[in-house]
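The values are calculated or read from the model by the stated rules, or taken from the named source; none is laboratory data. Since we're looking at a predicted model, the values are computed, not measured. Cβ placement follows ideal geometry from the backbone for every residue including glycine, while neighbour counts extend to all protein chains displayed.
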Amino acid sequence: MSAFLSPAQVRQFRQDGYLVLPGMLSPESCAHLRSVVQEHLRRAVPPLEYEAEVGYPGAPSSLDAPGGRTVRRLQGAWQRDDALRAWAEDPRIVTCIEQLTEEPVALTLAHHNCVMTKHPRYGTATGWHRDIRYWRFARNELVTVWLALGDEHPENGALKVIPGSHRFDIKPEQLDALDFLRPDAPENAPLFAQGFTPSLRAGDALLFHSGLFHAAGPNLADEVKMSVAFAYRGRSNLPLAGSRSAAGGDVLLGD
Ligand SMILES: O=C(O)CCC(=O)C(=O)O
């Protein structure tokens, strides 16, 4: 198996549950992807998910309310555009995921597979959660690759992570009905205190484990924040039959 990550980076991912890979895309490639995203937003190319549909606290109450058509996700990113597909299948990313899963890999089309667009004003915060909460696979061992198309920082709603939290045992009472860490549970206060915002510049990729707790704030800046998110699994980590994870299909990579 070829290598892109150093042994130290693989150890760091196993320990912390995330890893930043700086400069994975050139400024020109990022600018091209941003222009693709802007054009798809302008033409409202489906499939789209709106803030009103996600329904997080502070979201517009309906599609017809002020800000109701604020796009949260351009879904079907792999199917949407050649440049997005090329990024999803980038041989460097495939090699990284092979190293982390220690086997050949597949891209899951059911989850993420989107461009997250966090808009000023109507783009809402996301509570602390593990992506695996609504994914159904044999093992909690998927890896999300989050590509920043612009700089991400706390002011524009960058992702925060709790390092090492993919290894934490969490009691049911620490979670709400949607499996977010409850803000009011006393046991969660020390976890929130460990929250950390990895610094991401345009073209950097953040890899994180499907069991890592992460969250994000609202966008208090002036420009839309755009991030591409794809999720990968080792090929032996199959989606459970009959689940939404299985229904979305996947793409075998690295052949
Ligand atoms: O950008 C955000 O608000 C966080 C998105 C996220 O964590 C998710 O959709 O799983």
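Things to note:
- Within region 40-69, being touching a Gly at 6+ places or on another chain (Cβ under 6 Å) and modelled with pLDDT under 90 holds for one residue alone: P60.
- For region 129-172, taking the residues that are within 13 Å of the ligand (Cβ to nearest atom) and of a type in the set (S, T, N, Q), the one that is farthest from D90 (Cα to Cα) is identified as N156.
- Among residues of region 109-128 being among the hydrophobic types (A, V, I, L, M, F, W, C) and over 26 Å from D222 (Cα atoms), the one that is farthest from the ligand (Cβ to nearest atom) is L109.
- Scope region 156-210; condition crowded, with 21+ Cβ neighbours inside 10 Å, farther than 30 Å from P27 by Cα and in contact with a helix residue (DSSP H, G or I) (Cβ under 8 Å, 6 or more places away or on another chain); matching residues: S165, L181
- Unique match (being of a type in the set (G, A, S) and at positive phi) among G76, G68: G76
- The number of residues in region 236-255 being over 13 Å from A110 (Cβ atoms) and either modelled with pLDDT under 95 or in contact with a Ser or Thr (Cβ under 6 Å, 6 or more places away or on another chain) (or both) comes to 2.
- Among the residues making up region 207-227, those that are in a strand (DSSP E or B), within 13 Å of the ligand (Cβ to nearest atom) and hydrophobic (A, V, I, L, M, F, W, C) are F208, A215, A216, M226.
- Enumeration of residues in region 61-108 that are buried (at least 20 other Cβ atoms within 10 Å of the Cβ) and either within 16 Å of the ligand (Cβ to nearest atom) or of a type in the set (K, R) (or both): T70, V71, R72, R73, L74, A77, R80, T108
- Residue ID - nearest to S35 (Cα to Cα), chosen from residues in region 174-206 that are in a strand (DSSP E or B) and within 14 Å of the ligand (Cβ to nearest atom): L200
- Pairs, first within 20 Å of A83 (Cβ to Cβ) and part of a strand (DSSP E or B) in region 108-127, second modelled with pLDDT of 95 or more and near the ligand (Cβ under 9 Å from one of its atoms), C-beta under 6 Å, six or more apart: C114/R73; C114/A229; M116/R73; M116/S227; M116/A229
- The residues in region 129-145 that are assigned to a strand (DSSP E or B) and crowded, with 23+ Cβ neighbours inside 10 Å can be counted, and the count is 2.
- Test: D81 is under 23 Å from F213 (Cα atoms) and among the acidic types (D, E): no
- Subset of region 239-253 (residues that are part of a loop (DSSP other than H, G, I, E, B) and surrounded by 16 or more Cβ atoms within 10 Å (Cβ to Cβ)): none
- Residue list for region 221-238, restricted to those being under 14 Å from the mean Cα position of the chain (by Cα) and surrounded by fewer than 16 Cβ atoms within 10 Å (Cβ to Cβ): none
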